[in-house]
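One structure is given here, and the rest of the page talks about it.
Values quoted throughout were computed directly from the atomic coordinates according to the rules given, and no laboratory measurement underlies them. Keep in mind the model is a prediction, meaning the values are calculated, not measured. In this analysis, Cβ positions are derived from the backbone assuming ideal geometry, glycine residues included, and neighbour counts consider all displayed protein chains.
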Amino acid sequence: MNERSVESSTMQTAGYTRDLASLAARLALGLTFLYSVADRFGLLGPPGAANVSWGSFTHFSGFVGVLNWFLPRAMIPAVAWIDSVLEAFLGLALLTGLWLRSTALVSSLLLLTFATTMSVALGIGAPFQYSVFTASAGALLLASTASSRWSLDRFFGVRPRT
């Protein structure tokens, strides 16, 4: 093999690895958002069941109130609904690769917001126990390196920046 073909092969391998890493990050983040939404609507079981954090929207809204203690009580249901709709949308958009860079950036900011409110309301250990800072950083990395392979963006002709 000559030097040029070795370099080309190395670049192809790096590109394919980036594509796989991007897909893995999309799946992990997207499924995590959707799993959380399913939990708050009781689709994973009732409150108190194994591996269920909330089990009902009422329990989830109570948790939103704890994290957002600084907001007027009347705003908590709206915040819970906005969060749920946003997480469902982000989860689906990440899974399908729709508006990938923007979706990943919004996901990172949302997760950083969660981490911050968890730190203030529950202590700094809470977001670390649930890897919220890690997920936020992963979403930010995805926003900066996202591959459009295996995505709706590619289907619609959206080309990633280089």
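See the values below:
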item	result
Potential extension, GLN12-THR145 segment - 0.36 nm per residue separation minus Cα distance	46.3 nm
Hull volume in cubic angstrom per residue (convex hull over the Cα atoms of the chain)	139 Å³
Size-normalised alpha-carbon gyration radius of the stretch 69-162, reference 2.2 N^0.38 Å	1.24
Which of TYR130, LEU92, THR113, positive extreme of dipole for the chain (C-beta unit charges)	LEU92
Relative contact order (percent, whole number), the chain, Cα cutoff 8 Å, 6+ residue spacing	24 percent
Computed lengthening from SER102 to LEU71, 0.36 nm per intervening residue step minus Cα-Cα distance	8.4 nm
Inter-part distance where the stretch 133-150 and the stretch 29-105 are each reduced to a Cα centre, Å	20 Å
Potential lengthening between LEU92 and ALA78 on full extension [0.36 nm per residue; Cα-Cα distance subtracted]	2.9 nm
Cleavage-rule hits, chymotrypsin sites (Phe, Trp or Tyr not before Pro), the stretch 31-128, DSSP coil, Cβ neighbours within 10 Å at most 12	TRP69, PHE70
Theoretical ellipticity at 222 nm over the chain - DSSP helices of four or more residues, -39500 (n - 2.57) apiece, nearest 500	-24000 deg cm²/dmol
